[in-house]
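Readers should treat all values here as calculations from the given coordinates under stated rules, not as data from a laboratory. On a predicted model such as this, the values are computed, not experimentally measured, just so you know. Reconstructed Cβ throughout: ideal geometry from the backbone, glycine too, with neighbour counts over all protein chains shown.
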Amino acid sequence: MLFRSLSMVFLVFIAGLAQINSATAQEDNAVGAAQGLAAADVANIQINAVRLTASEERARLIVDLSAPTQFAFVSLLDPMSIAIDVRAGTMQLSEPLSTPQTGPIAEASISQVAADRVRTLLVLRSPMQVQQAYVLKAIDGQPARLVVDMVPRSEADFVAKAEADKANSTAQDGEPQLADNSNAPGTTEMEMAHRPLILIDPGHGGVDSGAVMANGIFEKTITLAFAKKLQEILIASGRFDVALTREDDHFVRLDERVDIARQNKASLFLSIHADAFDDHAIRGASIYTRDEQATDVLDKVLADGENHSAVLAGAVAEAPDAAAVDILVDLMRREMRRQAFKASTAIIDQLQASVPVRRFPLRRANFFVLQAPDVPSVLLELGFVSNDADARNLASPDWRDRTAEAVARGIAQYFDDGGGT
């Protein structure tokens, strides 16, 4: 019964967002990426794991891949469900796909439905929509993966979307007809291929705990909670695709964080921290762009401390010698620093209206994690765990939510003002 509905809707594949090779030629590259995935390439792509989590507010599907590939999704009726197809030749799961005990998903299954397609079928208790979907390239220790986020929607909206998917889909036999634009059947109404990718970097993690509050709460815990809240707000805006450098408590080297941003061509990289200092009177949020000459001694101490803690937890690559940098790369780096300053200014404009900030909140320091020459990169210090007032704020969910809302408004302002162009 489940596949009877699916037989009427031939899923059209779209190129994963992270595969687009140039922000200035997205439509051409979407077509090129789709056409470039030959049958031989598909045969070598394998799905190795699939994970599904859900609450009443949202659900997330993560598919581990042997290499980046293409995907498509549609909303279906009778039964109410969402189907996600991935172009892959084989499937060898480390463990079976399990259905969450709670939430809007009643039944989940995955199967090889064709020689070049693996389908995940999510039968729903209540209507949902795909809010964002993107492919991340492999990075040291982490496989390539497809991430699909879903959120509730009204029954009327779901029915309308399912009917539109059915009417617009390609109903024919043979090879999939690859999409040539971001509004192809199987996408959401949002123009997915034109949304900026925001990469949020929760500082520290795993063996690198970062600063520690008097009550024993680690900086790594604060930054991850804040990053997840900010991700939720940005996704809900419908304007951005959002990924995290880590989604749980594990260690990611600084050079890996930079590589994730570069390989996935992020439109903005935002690293989140909450530091400590000997002078407990220092408090407030601030935001950093990279400069070899720090704004003042405190900023140099903070940057040196962050860079040193990462080296202790695991080796990082040496920064390139300035004399060896090609002039074109140097010009690109200058432009990215200009964009980073625009982003930091927009974020601080929103932050200082909502939360305490330092007297001069726009700062410069030589943070390793900000060194990508082709991605605008900024580092947000939420406050100082060594200051009692900041520590209370950092432990407060209300403060976290209010601050994340302000940062999200700042990011939106940056792109509204032409950021990333």
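A few comments on the model shown:
- FRET efficiency estimate (nearest 0.05) - Cβ-Cβ, ASP278 to PHE360, R0 25 angstrom: 0.80
- Within straight-line cross-link reach of LYS342, lysines at Cα separation under 19 Å, skipping those fewer than 8 residues along the same chain: LYS265
- Summary of the geometry: the stretch 93-117 and the stretch 336-395, compared by the centres of their Cα atoms, lie 41 Å apart.
- Highest to lowest packing among 204-213, 54-63, scored as the average C-beta count within 10 Å: 204-213, 54-63
- Between the beta carbons of GLN352 and SER98, assuming R0 = 60 Å, the FRET efficiency works out to 0.85 to the nearest 0.05.
- When each of the peptides 118-125, 276-283 is scored by the mean number of other C-beta atoms lying within 10 Å of its residues, the order from highest to lowest reads 118-125, 276-283.
- A simple count of charges around PHE226, restricted to other residues whose Cβ falls under 10 Å of its Cβ and scoring Lys, Arg +1 and Asp, Glu -1, yields +2.
- By average C-beta atoms within 10 angstrom, highest first, the peptides 219-232, 154-167: 219-232, 154-167
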